[in-house]
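A.B. asks: Before anything else, here's the structure in question.
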Amino acid sequence: MQKVLRAVKPGGLVIVATFAEDGPTMCSGLPVMRYSADKLRAEFGKSFLLLGHEQESHHTPAGNEQKFIYCLFRKIAS
């Protein structure tokens, strides 16, 4: 998170895509972290404002469904 804080100027935007809370627990044999918009907002802390979020269901070539969440944040001026 520190890299994002340093890299994004106040007023700058960040889009994050990750597995949703009801997404898979594993991907390519590895455990994954799953987030809701509120959990992701907590990860970014008070330096970022959550502007919006969307969920998507992705169907893999093997026919499995993977749920993702996309969040848009704006860095708040310090």
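The values are calculated or read from the model by the stated rules, or taken from the named source; none is laboratory data. Here the structure is a predicted model, which is why all the values come from computation and not from measurement. Note that we place each Cβ from the backbone using ideal geometry, even for glycine, and neighbour counts take in every protein chain shown.
A.B. asks: Identify the residue in segment 18-32 that is surrounded by 11 or more Cβ atoms within 10 Å (Cβ to Cβ) and of a type outside the set (Val, Ile, Thr) and, among all such residues, is modelled with the lowest pLDDT.
C.D. replies: The extreme case among them is Cys27.
A.B. asks: Which one of these does Arg41 not meet: (1) more than 11 Å from Thr18 (Cβ to Cβ); (2) in contact with a Gly (Cβ under 9 Å, 6 or more places away or on another chain); (3) surrounded by 11 or more Cβ atoms within 10 Å (Cβ to Cβ)?
C.D. replies: Only one criterion is unmet by Arg41, namely (2).
A.B. asks: Pairs, please: C-beta under 9 Å, at least 6 apart or cross-chain, first residue touching a residue at least 12 places away in the same chain (Cβ under 8 Å) and part of a strand (DSSP E or B) and in segment 25-51, second hydroxyl-bearing (Ser, Thr, Tyr) and surrounded by 15 or more Cβ atoms within 10 Å (Cβ to Cβ)?
C.D. replies: Taking only residues 6 or more apart or on different chains, the pairs are Tyr35/Thr18.
A.B. asks: Among the residues of segment 21-35, which ones are under 18 Å from Cys71 (Cα atoms) and of a type in the set (Gly, Ala, Ser)?
C.D. replies: Answer for segment 21-35, where residues must be under 18 Å from Cys71 (Cα atoms) and of a type in the set (Gly, Ala, Ser): just Gly23.
Listed here are the residues, each with its yes/no results for (1) among the small types (Gly, Ala, Ser); (2) modelled with pLDDT under 95; (3) within 12 Å of the chain's Cα centre (by Cα); (4) surrounded by 12 or more Cβ atoms within 10 Å (Cβ to Cβ).
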site	(1), (2), (3), (4)
Leu5	no, yes, no, yes
Arg34	no, no, yes, yes
Leu49	no, no, no, yes
Ala62	yes, yes, no, no
